[in-house]
Amino acid sequence: MTDAIDYQEIFREIVSGFTDADDRGDVAAYIPELGKIDPRKLGIHLTTVEQIHYSFGDSDEKFSIQSIAKVLSLTLALKILGKDIWTRVGVEPSGSAFNSLVQLEYEKGIPRNPFINAGAIVVCDILVSCLTDPKVELLEFIRETSGIPTIDYCSTVAESEKRMGFRNIALVNFMKDFGNIHNDADLVLDLYFHLCSIEMSCKEIVQAFLFLAADGINPVTKTTVINSQRSKRINSLMQMCGFYDEAGEFAFRVGLPGKSGVGGGIVAVHPGKFCIAVWSPKLNENGNSHKGMKVLEEVTTKTKFSIF
Ligand code: GLN
């Protein structure tokens, strides 16, 4: 049983303590559609494994979850392919930017982990190989395991990203040259851009990710999303790789497994206790939500609920 803590009050305290210095960063304008977001948005939602909800601000408003979705595509690929996935993508922190090309050259087209863009693109390639209608089946998986049938892609964001996706186009072609992309590059990227375009609110993200706080079982739908060993492994990967070259900083300041997206969202998990999502669109230089990190740091500091 999670200790009775008034998270709602804690959220209020944290937000009222923000100063001008906390209002730093820029929205992710490299994807033009994301550049249109109101930078002042701020949402927080926490659900305990006993399903007690605490929310703040714009927690019910949908936004582009971007790389947060990479955890869900990995979950599906792990379910389908099992450990063979690790012959195609590593489990080590990258220590470099989410869209970096440099390590791929030395490491012969095998991405360091499934959460940098290169790794998530390989996971999409695996899904394209294994599924008949990957876009439809991936969405069905996310809807079913979260228990939220309205979750959807945003075609405007997917198109916007496709138009400006020169780096991701470079990554997929580079890996294809090394033999680590088995399908048509455009088909793989189409799935990848759609995956990143998924829209969810903080509350919905928490509901979709709560299985990682409960040994692989979604406590809301009571369905087993994945077995407990794999749930542990996904949490480990989020801890080590969820924030790219800032994974160390996130562990240092927050102390929870988590995953960020350039839409300004961050999800974090306390296994056995709760799942929390924060949304604030202004990003720091590493592509992670500036205020989102601050909120989570203060939550774990004030409650003493980090995994360390
Ligand atoms: N769709 C984004 C990209 O490929 C995802 C990056 C992110 O959220 N960190 O650039």
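The values are calculated or read from the model by the stated rules, or taken from the named source; none is laboratory data. Predicted, not measured: the structure shown is a model, and the values here were computed from it. We place every Cβ from the backbone using ideal geometry, glycine too, and count neighbours over all the protein chains shown.
Results, tabulated for the structure shown:
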{"item": "Leading residue by the ranking (modelled with the lowest pLDDT) among those in region 105-116 that are surrounded by fewer than 24 Cβ atoms within 10 Å (Cβ to Cβ) and either within 15 Å of the ligand (Cβ to nearest atom) or among the hydroxyl-bearing types (Ser, Thr, Tyr) (or both)", "result": "Tyr106"}
{"item": "Residue in region 174-194 that is part of a loop (DSSP other than H, G, I, E, B), closer than 29 Å to Asn284 by Cβ, within 15 Å of the ligand (Cβ to nearest atom) and without any contact (Cβ under 8 Å) to a residue 40 or more places away in the chain present", "result": "no"}
{"item": "Failed item in (1) within 29 Å of Phe56 (Cα to Cα); (2) of a type outside the set (D, E, K, R); (3) crowded, with 21+ Cβ neighbours inside 10 Å, with Tyr153 passing the rest", "result": "(3)"}
{"item": "Sole residue being β-branched (Val, Ile, Thr) and buried (at least 19 other Cβ atoms within 10 Å of the Cβ), chosen from Thr87, Thr48", "result": "Thr48"}
{"item": "Breaking point among (1) within 16 Å of the ligand (Cβ to nearest atom); (2) polar (S, T, N, Q); (3) within 20 Å of Ile217 (Cβ to Cβ), for Thr75", "result": "(1)"}
{"item": "Candidates Ile110, Ile85, Ile80, filtered to the one that is touching a Gly at 6+ places or on another chain (Cβ under 7 Å) and either under 18 Å from Arg230 (Cα atoms) or aliphatic (A, V, I, L, M) (or both)", "result": "Ile110"}
{"item": "Filtered residue count, region 275-290, keeping only those that are surrounded by 24 or more Cβ atoms within 10 Å (Cβ to Cβ), of a type outside the set (A, V, I, L, M) and out of contact with any helix residue (DSSP H, G or I) (no Cβ under 6 Å at 6 or more places or on another chain)", "result": "2"}
{"item": "Among residues of region 207-233, those that are within 13 Å of Glu144 (Cα to Cα) and without any contact (Cβ under 8 Å) to a residue 24 or more places away in the chain, counted", "result": "3"}
{"item": "Number of the exception - Phe115 against (1) out of contact with any strand residue (DSSP E or B) (no Cβ under 8 Å at 6 or more places or on another chain); (2) assigned to a loop (DSSP other than H, G, I, E, B); (3) not polar (S, T, N, Q)", "result": "(1)"}
{"item": "Residue match in region 11-27 (condition: aliphatic (A, V, I, L, M) and within 16 Å of the ligand (Cβ to nearest atom))", "result": "yes"}
{"item": "Failed condition for Val91, given (1) away from the ligand (no atom under 16 Å from the Cβ); (2) at pLDDT 95 or above; (3) in a helix (DSSP H, G or I)", "result": "(3)"}
{"item": "Members of region 1-53 found to be farther than 21 Å from Lys302 by Cα and of a type in the set (Phe, Trp, Tyr), listed by number", "result": "Tyr30"}
{"item": "Residue pairs meeting the criteria (Cβ under 6 Å; at least 6 apart or on separate chains; first over 12 Å from Val278 (Cα atoms), in region 53-77; second among the charged types (D, E, K, R) and within 12 Å of the ligand (Cβ to nearest atom))", "result": "Val71/Lys259"}
{"item": "Residue count for region 82-128, restricted to those that are closer than 25 Å to Lys162 by Cα and in contact with a helix residue (DSSP H, G or I) (Cβ under 9 Å, 6 or more places away or on another chain)", "result": "32"}
{"item": "Members of region 138-147 that are surrounded by fewer than 19 Cβ atoms within 10 Å (Cβ to Cβ) and farther than 15 Å from Ile65 by Cα", "result": "Glu140, Glu144, Gly147"}
{"item": "Matching entry among Leu78, Leu46, Leu104, Leu74 (being of a type in the set (A, V, I, L, M, F, W, C), within 22 Å of the chain's Cα centre (by Cα) and not in a helix (DSSP H, G or I))", "result": "Leu46"}
{"item": "Tally, over region 290-308, of residues that are outside any helix (DSSP H, G or I) and closer than 14 Å to Pro257 by Cβ", "result": "4"}
{"item": "Residue that is out of contact with any Ser or Thr (no Cβ under 8 Å at 6 or more places or on another chain) and of a type in the set (Gly, Ala, Ser), where the choices are Ser100, Ser146, Ser96", "result": "Ser96"}
